[in-house]
1. Note down the nm distance, to one decimal, between modelled labels 7 Å out along Cα→Cβ at T56 and at E70.
2. First measure r as the distance between the Cβ atoms of L279 and T140, then evaluate 1/(1 + (r/R0)^6) with R0 = 56 Å and state the FRET efficiency to the nearest 0.05.
3. Got a sec? What order do Y182, Y43 fall in by accessible area at 1.4 Å, biggest, i.e. largest, first?
4. What distance in nm lies between label points placed 7 Å from Cα along the C-beta direction at L106 and E189?
5. Name the residue farthest towards the positive end of the dipole of the stretch 292-359 from the options L306, A356, A321, assuming +1 on Cβ of Lys and Arg, -1 on Cβ of Asp and Glu, about the Cα centre.
6. Please list R45, R361, R272 from largest to smallest accessible area, probe radius 1.4 Å, with all protein chains kept in place.
7. Please report the carbon-and-sulfur percent of the accessible area for the stretch 118-237; probe 1.4 Å, protein heavy atoms only, DNA, RNA and ligands left out.
8. So what are the ³J(HN,Hα) numbers for the stretch 370-386, from phi and the Karplus equation (6.51, -1.76, 1.60; θ = phi - 60°), rounded to whole Hz, Gly and Pro as x?
Amino acid sequence: MQLSWLLATALLAVAASVPIDRPKAEKKAEETPPEPPDTGLYYHRYLQEVINVLETDSHFREKLQAANAEDIKSGKLSKELDFVSHHVRTKLDELKRQEVSRLRMLLKAKMDATMEQNVQIDHLGLLKQFEHLDPQNQHTFEARDLELLIQAATKDLENYDAAHHEEFKRYEMLKEHERREYLKSLDEEKRRAEEARFQELRQKHKEHPKINVPGSRDQLKEVWEETDGLDPSEFNPKTFFKLHDTNSDGVLDEQELEALFTKELEKVYDPRNEEDDMLEMEEERLRMREHVMKNVDLNQDRLVTLEEFLKSTEKKEFNEAGGWETVDETQVYSEAELQRFEAELAAQEVELGRRAEHLRRQHQDLQEQQVRLDAQKKEYQQAVLHMEQRKSQQGEAPAAPDPGEELKFQAQAPHAAPAEPAAPAAPAPEQNHVEPPQNQEPPPQPEVQIQ
């Protein structure tokens, strides 16, 4: 039994195999196990890591192999967590702390985008909105955490198909809305031509071989003959089950069931044809799988056992040779739903227009602010240039002394008053210079009498 499938189809729907003990002679070379399919859950990675760690504990594996889906869903299996090894518990504790940290980061990012800064966030209160772990204990992984993880995955995966159907309905309504809007943009002649082309493609899509009801004798025999290459007259349900239990775990899971419908889907959908929509093909595959599960999966654990499969072949419906109505032959939405959807689109368009106008005004304000800043910058540059011009007009400043030149100082007497600066001597008038005669005695000096 796959641990991850049992946990994830009761956890419910992911994947890594719990090996089945076989004789050594039957053991084949070890192969790398395929990557488990993504459940689409926002805590898928946490779920898968918990499963991988639990698989490493021999006690828990043994209890899991003996448990049924009801034991897992009811929380009975969760109590076995108390008996796993300390090493495993330590790893689980670390996984939970990492998940709590991841959720806190997501909450902070959301709050940063929707709230003002510096607002105190109640992380504990916000963590309570996540149902796949116990927010009261954020440090250790306990039995309660495993129980909550199982319950959350079970509920979320049960709602997953319904969410997929709703998404597909919106996709189909959007296609029709865009088609009608395109027709409104055409003139009368082109509109009639486009309508004729649309009806032609629609009719061409309907021209395909009969689609057998999924899970019916005719459908399974066609797989037996064309896919398995066996004689249809020798069809055997038990052998068929074992052939398509590809991982030999004793059950047909959802992926193994959907693989049975490939031949039917190829009758209707071809990616090379303009009239065939591959998203419609995936919706068709989901509807076929839901139909088989509803009629065959008696305990609704999203797994088909051999016993359930054989019982379904004994029902009257199994042998009825009816046909299957494809998506395009069913009414996916009503006209009233389409009108509500178009009103919703119109409201969204108005809101987007309002936001675009707000952004446009913000952009305009920023441009005007940039113009003002550029003007202030230019004015400042002109003021600096004007100041420099005024300085240059006042003349150059005295040259500074050469740093290498020796400075000389004039010593002055202490307390001496500074000498008056001497008046400059008047220039003597120019006269003819006459040489005195030689040997001429100087004139006698007058006597000075002292009384």
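1. 3.4
2. 0.80
3. Of Y182, Y43, the descending order of accessible area is Y182, Y43.
4. 5.7
5. The residue sitting most towards the positive pole is L306.
6. Result, largest first: R272, R45, R361.
7. It is 47 percent, rounded to a whole number.
8. Working through the residues one at a time gives 5, 4, 4, 5, 5, 5, 5, 5, 5, 4, 5, 4, 5, 5, 4, 5, 5 Hz.
The values are calculated or read from the model by the stated rules, or taken from the named source; none is laboratory data. These numbers were taken from a predicted model, which means no experiment stands behind them. Ideal geometry is used to build each Cβ from the backbone, glycine not excepted, and the neighbour counts take in all protein chains shown. SASA here: full protein model, heavy atoms, side chains in, ligands and nucleic acids out. Shrake-Rupley method; radii C 1.70, N 1.55, O 1.52, S 1.80 Å.
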